[in-house]
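Shown next, in structure tokens, is the structure this report addresses.
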């Protein structure tokens with residue numbers, strides 16, 4: 001089979017998969033998962049025909065996929081790749097570009113520049129801020145916090161990139177009690193410690209209480225949330241940023257999905273004050289639905305991000321314009337900014353607002369339907385997150401198990417302020433009103449046994 005025919009066959013198989021997602025089980029059948037064991041074989045001695053490899057990939061892999069590309073996966077805050085982004089991803093793979101520097105790929109750098117500019121505008125962030133396209137929210141948090149570490153220690157007369165943390169002036173990191181684990185992981189990778197944080201009490205929705213902030217100073221990083229992963233709640237950013245600014249502290253925003261509420265006229269008020277921060281992390285593969293491997297970091301002080309990430313070598317020719325590798329942890333990397341550009345170009349400002357408002361409306365309908373069944377919704381449904389209890393912890397877990405086993409939809413478990421809950425996250429452009437009603441019917445059946 002020629003290279004062209006192979007790609008045509010791959011496109012045919014992928015298109016057939018997408019055409020059937022509406023009726024697929026959301027979680028794969030047990031026998032499909034068990035069949036994956038056939039892949040565990042010794043590395044073959046001889047080459048195989050590419051067509052045979054593709055056939056095996058589709059035959060064994062496709063039945064065992066989780067149908068996140070459909071409209072009824074609510075287990076995590078993940079979306080479904082939008083058509084323009086998916087098509088761009090195929091083209092990017094064919095281009096096989098290295099997006100490290102302009103000399104390696106002028107086209108990758110140009111698309112990334114435009115996408116970052118559009119996002120600063122869409123999210124209401126300072127237009128002078130530097131941006132980075134990374135792999136996900138964890139690396140976006142890492143990138144923003146690395147810039148914070150660089151800036152605060154540089155102001156204290158310390159070069160952390162060259163001299164490390166041994167003997168460095170001590171930094172304090174302040175987080176809310178409901179801090180997301182990805183931010184703690186980023187702190188651990190940066191040598192700032194997961195346990196050395198100062199935790200601030202939160203209210204019943206997980207919002208950091210600004211009135212309980214500790215004393216801040218010029219060596220403090222305050223981490224706030226735009227969109228709690230369980231409730232969707234937003235920290236009081238304006239008050240926190242004002243207190244931090246007065247003390248010379250740095251504010252970092254973990255806005256993995258919630259920061260995109262700024263793109264909706266209806267929900268923009270939730271992000272009030274977040275633009276006053278110093279760095280921001282969010283995810284292109286969550287609410288915008290750009291597909292995976294697309295995280296975003298922005299830093300108000302461009303030089304702080306460049307100072308934390310830049311690299312110099314004789315063989316790396318630097319041009320007069322922004323070189324992507326000086327703003328990201330990676331050097332060699334996929335041209336993921338192209339897919340991001342395609343998503344934004346395809347949706348436009350109105351399309352992004354419609355996505356946010358439509359998914360939030362679906363979440364509100366879930367909450368309404370669950371209350372009508374007599375169950376307790378544990379959170380204020382401010383955006384796309386719903387927490388529900390079916391009574392005891394054991395009962396809630398059993399209902400979830402039955403919902404997952406039926407396969408109509410998939411919702412996950414969480415622990416919310418001492419109570420086991422089922423979490424429903426509505427993030428996909430593909431979710432329809434019918435998907436919501438079918439899912440509510442499945443939950444009703446599971447809870448009536």
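The values are calculated or read from the model by the stated rules, or taken from the named source; none is laboratory data. Predicted, not measured: the structure shown is a model, and the values here were computed from it. Here the Cβ positions follow ideal geometry from the backbone for every residue, glycine too, while neighbour counts run over all protein chains shown.
Numbers for the structure displayed
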read-out	value
Test set (1) buried (at least 24 other Cβ atoms within 10 Å of the Cβ); (2) touching a strand residue (DSSP E or B) at 6+ places or on another chain (Cβ under 7 Å) - residue 213 fails condition number	(1)
Positions within segment 135-155 being touching a helix residue (DSSP H, G or I) at 6+ places or on another chain (Cβ under 6 Å), within 30 Å of residue 204 (Cα to Cα) and surrounded by fewer than 23 Cβ atoms within 10 Å (Cβ to Cβ), in sequence order	138
Qualifying residue in segment 27-37 (condition: within 30 Å of residue 356 (Cα to Cα) and either outside the structural domain of residue 318 (by TED's automatic domain parsing) or assigned to a loop (DSSP other than H, G, I, E, B) (or both))	yes
Enumerated strands (runs of 3 or more DSSP E) restricted to segment 88-204, each holding at least 2 residues that are closer than 20 Å to residue 291 by Cα	130-134
The one condition in (1) in a loop (DSSP other than H, G, I, E, B); (2) farther than 30 Å from residue 382 by Cα that residue 290 fails to fulfil	(2)
Near pairs, Cβ below 8 angstrom, 6+ apart or cross-chain, from segment 401-415 (on the phi > 0 side of the Ramachandran plot) to any residue that is surrounded by fewer than 15 Cβ atoms within 10 Å (Cβ to Cβ)	407/29
Conditions (1) surrounded by fewer than 20 Cβ atoms within 10 Å (Cβ to Cβ); (2) out of contact with any strand residue (DSSP E or B) (no Cβ under 7 Å at 6 or more places or on another chain); (3) more than 30 Å from residue 389 (Cβ to Cβ); number of the one not met by residue 288	(1)
Tally of residues being out of contact with any helix residue (DSSP H, G or I) (no Cβ under 8 Å at 6 or more places or on another chain) and either surrounded by 15 or more Cβ atoms within 10 Å (Cβ to Cβ) or part of a loop (DSSP other than H, G, I, E, B) (or both) across segment 236-246	1
Exclusive hit being assigned by TED's automatic domain parsing to the domain that holds residue 263 and under 26 Å from residue 76 (Cα atoms), set 219, 155, 199	199
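The rows are residues; the columns are (1) in contact with a helix residue (DSSP H, G or I) (Cβ under 9 Å, 6 or more places away or on another chain); (2) modelled with pLDDT under 95; (3) not in a loop (DSSP other than H, G, I, E, B).
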site	(1), (2), (3)
296	yes, no, yes
306	yes, no, yes
311	yes, yes, no
314	no, yes, no
318	yes, yes, no
322	yes, yes, no
333	yes, yes, no
342	yes, no, yes
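Results for (1) crowded, with 23+ Cβ neighbours inside 10 Å; (2) out of contact with any helix residue (DSSP H, G or I) (no Cβ under 9 Å at 6 or more places or on another chain); (3) without any contact (Cβ under 8 Å) to a residue 40 or more places away in the chain; (4) not in a helix (DSSP H, G or I), shown as yes or no for each residue.
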site: 365; (1), (2), (3), (4): no, no, no, no
site: 380; (1), (2), (3), (4): no, yes, no, yes
site: 397; (1), (2), (3), (4): no, yes, yes, no
site: 423; (1), (2), (3), (4): yes, yes, no, yes
site: 430; (1), (2), (3), (4): no, no, no, yes
site: 443; (1), (2), (3), (4): yes, no, no, no
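So that you can scan it fast, the table gives a plain yes or no per residue for (1) more than 19 Å from the chain's Cα centre (by Cα); (2) without any contact (Cβ under 8 Å) to a residue 40 or more places away in the chain:
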| site | (1), (2) |
| --- | --- |
| 137 | no, no |
| 147 | yes, no |
| 159 | yes, yes |
| 182 | no, no |
| 192 | yes, no |
| 197 | yes, yes |
| 204 | yes, no |
| 210 | yes, yes |
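Yes/no per residue for (1) surrounded by 15 or more Cβ atoms within 10 Å (Cβ to Cβ); (2) within 14 Å of residue 240 (Cβ to Cβ):
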{"site": "157", "(1), (2)": "no, no"}
{"site": "168", "(1), (2)": "yes, no"}
{"site": "175", "(1), (2)": "yes, yes"}
{"site": "181", "(1), (2)": "no, no"}
{"site": "195", "(1), (2)": "no, no"}
{"site": "207", "(1), (2)": "yes, yes"}
